[in-house]
Structure formats: structure tokens, C-alpha cells
Amino acid sequence: MSIPEITQTLLAAKKAKGLSFADLEKILGRDEVWIAALFYRQATASQEEAKLLVDALGLDASYIQQLAEYPVKGLGPVVPTDPLIYRFYEIMQVYGYPLKDVIQEKFGDGIMSAIDFTLDVEKEEDPKGDRVKIIMSGKFLPYKKW
């Protein structure tokens with residue numbers, strides 16, 4: 001995946017200001033993962049959210065419109081090569097069908113929404129090495145019969 005120019009600009013400005021995504025969460029009133037998705041053009045900001053972000057990063061107002069435009073989403077058709085991103089791909093290769101079966105046993109025939117969805121990342125302290133805890137919560141959408 002090539003990193004869009006706007007993403008590079010946003011990340012550089014964030015670094016120059018010494019801000020974290022958690023800091024931006026306090027400014028925008030949106031979750032840090034959603035803000036990171038916005039940086040990578042996987043989410044769309046309102047005009048107000050875009051203005052808050054652009055002001056916080058000290059960027060030109062011309063970025064407001066770009067952040068409010070609907071992006072093309074997804075990593076693309078290739079298997080990701082970044083090791084961390086690949087692990088999520090690998091998790092779905094190994095656990096995708098088992099997760100599908102368990103979800104359908106509990107909810108029925110349907111899917112978990114990726115639109116009505118939240119994602120949180122937590123750090124779990126562990127004496128054997130800190131752990132990454134990812135919490136996904138998506139609305140269940142049953143398949144419709146007609």
C-alpha cells in the first residue's frame with residue numbers, strides 16, 4: 001500500500017506538534033482509532049471535525065475539504081506485507097471460519113457490520129511481555145429473506 005501524500009503530511013504535522021492520537025481524541029471528541037483511520041483516508045470527517053484537526057496540527061485550511069471528501073477505502077487487492085498488518089490478515093486466515101461459525105451459532109445467519117462498528121486498542125501489562133488487546137464491536141445484521 002502506498003501512503004497517500006495527505007497521510008504523510010498529517011503524520012508529519014502530528015509528529016512536529018508532539019501529539020498522539022489519544023491527544024487528538026481529546027480535541028476532536030472522536031476515538032483515537034477513528035482519527036488514525038481518518039489520517040489514512042479510511043474515514044470521512046465532517047467540516048467541523050476536519051477544521052478542528054487542521055487547526056490542532058497547524059495545517060493550511062485547504063486540507064479541510066480533502067478530509068471531508070469520501071475516500072476510496074481498503075488496503076487494495078494484494079496481501080499486506082507490513083508485518084503488523086499481515087498478522088491481522090493471518091488471524092483471519094486461521095480464525096475467520098471459526099469466528100464465523102461461533103458468531104452464527106450465537107446470532108444466526110448474518111454478518112457483523114463494519115459500518116456500525118467500533119474498534120478499541122488497549123495495552124495489557126503482563127510480566128511475560130505486554131499484550132495488545134483489540135476490542136471490536138459491530139452490530140449484527142441478519143440476512144434478509146424475501
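Readers should treat all values here as calculations from the given coordinates under stated rules, not as data from a laboratory. Small disclaimer: the values here were computed from a predicted structure and weren't measured. Here the Cβ positions follow ideal geometry from the backbone for every residue, glycine too, while neighbour counts run over all protein chains shown.
Observations on the structure shown:
- Label-point separation in nm, R87 to F107, each point 7 Å along Cα→Cβ: 2.5
- Largest GNM mean-square fluctuation across P77, P98, P127, computed for the chain with C-alpha springs under 10 Å, falls on P127.
- Using only alpha carbons, the range 8-55 has a radius of gyration to Kirkwood radius ratio (Rg to Rh) of 0.91.
- For the residues Q65, Q93, Q47, a GNM of the chain with alpha-carbon springs under 10 Å puts the largest fluctuation on Q93.
- When the Gaussian network model of the chain links Cα atoms closer than 10 Å, the mean-square fluctuations of R131, R30, R87 top out at R131.
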